[in-house]
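Contents: one structure, followed by commentary.
Each value in this text was obtained by applying a stated rule to the coordinates, not by laboratory testing. If you're wondering where the values come from, they're calculated on a predicted model, not measured in any experiment.
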Amino acid sequence: MSRVGLSPIIVPQGVKVEINGSEVKVEGGKGKLSRSFHPDMSIVLKDDTLTVTRPSDNKTHRSLHGLTRSLLANMVQGVTNGFEKILEISGVGYKVQKIDNGLSLQIGFNRPIEFHLPDGVEAVIEGTNKIKLSGINKEQVGEVAAKIRALRPPDPYKGKGIKYAGEVLHLKPGKAGKAAQKG
């Protein structure tokens, strides 16, 4: 039994939810989101509470139940509070600058890399080595953060590169560290 799917979603004040069959539109202070869900899942809005029910207990319906509820909860949270990811750049000479429609990253290549941000994702640069991405769609913010991190993932020996804030890096010992362990 899905514990995630059973918990109701409380819709805060100022958020409008429209349900047309399997299409759900959520509108709040930060913007609008819409998404179509699997037609077997029934979504009901009653007294500012969204509930998701499934028709049977077969495997696909059980898996869709929790997924549908989580996606709905993310939509409601996105239009009220929004989502953000923070990336940190570390390395000698590594820096980031804001350009008109995206970011210019100097991360150890012979020229800067220009990364264009999609609509719905905003970036704020703090200092020269911190990027704060924000938006109302959790999937889109996470995907953009993953694409920026993939440009220069953290080096396992020195730790240089782009990492998420709070990400713990386990650095490997180099050749000198290996020789010292044997002796």
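Before moving on, here are some points about what is shown:
- Note on segment 72-168: along the principal axes its Cα atoms extend 42, 32, 20 Å, ordered by decreasing extent.
- Quotient of C-alpha Rg and 2.2 N^0.38 Å, computed over the chain: 1.36
- Among Gly66, Gly166, Gly21, the residue with the largest mean-square fluctuation in a Gaussian network model of the chain, with springs joining Cα atoms closer than 10 Å, is Gly166.
- Rel. contact order, % - alpha carbon contacts under 8 angstrom, at least six apart, segment 3-80: 37 percent
- Pairs of lysines in segment 3-80 whose Cα atoms sit within less than 19 Å of one another amount to 5, provided the residues are eight or more positions apart or on different chains.
- Phi to ³J(HN,Hα) by Karplus 6.51 cos²θ - 1.76 cosθ + 1.60 over segment 153-164, Hz, x for Gly, Pro: x, x, 6, x, 9, 10, x, 6, x, 10, 9, 6
- Annotation: amide H of Lys160 within the under-5 Å range of Asp155, sequence separation 5 or more or interchain, hydrogens built in the peptide plane.
- Choice from Ile113, Ile136, Ile162 showing the highest fluctuation, given a GNM over the chain with Cα pairs closer than 10 Å: Ile113
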